[in-house]
Amino acid sequence: MIVASIPSPEQGVWDLGPLPVRAYALCILLGVVVAIVVGERRWVARGGQPGVVGDVAIWAVPFGLVGARLYHVATDPELYFAAGKHPWEALAIWKGGLGIWGAIAGGCIGGYIAARRKGIPFPALADALAPGLALAQAIGRWGNYFNQELYGRPSDLPWAVKIDHPQLPYHEGQTFHPTFLYESLASLAVFGILIWFIRRYWRDVPAGTVFALYATLYSFERIWVETLRIDPAHHYYGQRLNVWVASAVTIVAGIIFVVLFRRRGAGTASPAPVVAPAATGPVHTPTAKPEAATAARLRTKRRKR
């Protein structure tokens, strides 16, 4: 018997005249804003110039959205290109369907391009952005709640979520594991660990270490979340595709983190560069020592004699 559960949202779209306002899009937008604000604070704390993160976001955000959608469409092409489907809906990003792995990859490409254009080290920039990315993911996952998607196996737990229209033929009133909530809470935990690690180690570790830790922790928790989900997905060797992707990222990022962390304290830390302000006032050049000047005058007098 179900004692309590998380109710389905009454609506996920609000019409402001002819303009539909979707909760899914608002959650993503709020996550982006939080990532920029937190990333800017971390970048300035590392000695970087203010305003850099906002400039980088102009590249990283569009690349991330395109990458997220491409990953989703590439891994679930039957949703758009099978018989009876509408291919143009592959562009309907407002209906949901973003792959986080594509978002991370696309965002990194856009961020790298922006960093190269501004002449700043990308690993140091990635370190500054990592905590904000974890917070953004914690916020963005609530868009899945409003879309009633990405839920887990049936559950009678008090925090199970009710889905009005489950994709699988479960009985009416069935509740499910709220995997969006699990991932949101896990991302908050990742954020807390990153902040602790930065305060404890960031001056001693090479640039890129914080981002490697973020990638390791986030992909590791995704392995657990993916094993709970029941939404349609491609399976390989008995596991969902995203389980294999998360496992691969965990291993690769974990190895990189260990290698970088073992180099801590070796003079390899790479904080963001600080651009010195332009010099003002007269420039003074060093003068010769008095003894040398006196000797030069005496030699000149002897030659004149």
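The values are calculated or read from the model by the stated rules, or taken from the named source; none is laboratory data. As the structure is a computational prediction, the values presented were derived from the model and not from experiment. So basically every Cβ, Gly included, is an ideal-geometry build from the backbone, and we count neighbours across all protein chains shown.
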Practice task
State whether one or more residues within the stretch 247-267 are touching an Asp or Glu at 6+ places or on another chain (Cβ under 6 Å), at pLDDT below 90 and surrounded by 14 or more Cβ atoms within 10 Å (Cβ to Cβ).
Solution key: yes
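Limited to the stretch 1-34, what total is found for residues that are in contact with a Pro (Cβ under 9 Å, 6 or more places away or on another chain) and either closer than 23 Å to residue 138 by Cβ or exposed (fewer than 13 other Cβ atoms within 10 Å of the Cβ) (or both)?
Total satisfying the criteria: 7.
Taking the stretch 102-160, which residues are among the polar types (S, T, N, Q) and surrounded by fewer than 19 Cβ atoms within 10 Å (Cβ to Cβ)?
155, the sole residue that qualifies.
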Exercise for the section: Please name all residue pairs, on different chains or six or more residues apart, with Cβ atoms under 6 Å, provided the first residue is in the stretch 136-158 and is of a type in the set (S, T, N, Q) and the second residue is part of a loop (DSSP other than H, G, I, E, B) and at pLDDT 90 or above. Expected result: 155/177
Handout entry: Where a residue in the stretch 254-273 is of a type in the set (Lys, Arg) and its partner, wherever it lies, is at pLDDT 85 or above and outside any loop (DSSP other than H, G, I, E, B), with Cβ under 8 Å and at least six apart
Key = 263/206; 264/201; 264/206; 264/209
Problem - residue 79 at pLDDT below 95 and assigned to a helix (DSSP H, G or I) - result: yes
Fill in the blank from the handout: Across the stretch 187-210, the tally of residues that are farther than 24 Å from residue 31 by Cβ and either surrounded by fewer than 22 Cβ atoms within 10 Å (Cβ to Cβ) or without any contact (Cβ under 8 Å) to a residue 60 or more places away in the chain (or both) stands at 5
Exercise for the section: Return yes when residue 229 is under 19 Å from residue 126 (Cβ atoms) and modelled with pLDDT under 95 and no when it is not. Expected result: no
Exercise for the section: Hey, can you tell me all the residues within the stretch 37-57 that are farther than 11 Å from residue 128 by Cβ and not acidic (Asp, Glu)? Expected result: 37, 49, 50, 51, 54, 57
Practice task
Name, by its number, the condition in (1) in contact with a Leu (Cβ under 9 Å, 6 or more places away or on another chain); (2) closer than 28 Å to residue 233 by Cβ that does not hold for residue 70.
Solution key: (1)
Exercise for the section: Could you figure out which of (1) part of a loop (DSSP other than H, G, I, E, B); (2) at pLDDT below 50 isn't true of residue 272? Expected result: (2)
Handout entry: Qualifying residues in the stretch 58-96 (those that are among the acidic types (Asp, Glu) and surrounded by fewer than 17 Cβ atoms within 10 Å (Cβ to Cβ)) - the one farthest from residue 28 (Cα to Cα)
Key = 78
Exercise for the section: Evaluate the stretch 97-107: report whether one residue or more is touching a helix residue (DSSP H, G or I) at 6+ places or on another chain (Cβ under 8 Å) and more than 22 Å from residue 253 (Cβ to Cβ). Expected result: yes
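Residue by residue, here is whether (1) basic (Lys, Arg); (2) within 28 Å of residue 161 (Cα to Cα) holds:
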residue	(1), (2)
178	no, yes
190	no, yes
203	yes, no
226	no, yes
237	no, no
245	no, yes
254	no, no
259	no, no
Fill in the blank from the handout: Going through (1) assigned to a helix (DSSP H, G or I); (2) under 30 Å from residue 158 (Cβ atoms); (3) modelled with pLDDT under 90 one by one, residue 11 fails only at (1)
Completion exercise
Being part of a loop (DSSP other than H, G, I, E, B) and closer than 23 Å to residue 194 by Cβ narrows 123, 50, 131, 158 down to just 50
Practice task
Would you mind stating whether residue 28 is outside any loop (DSSP other than H, G, I, E, B), among the β-branched types (Val, Ile, Thr) and closer than 17 Å to residue 184 by Cα?
Solution key: yes
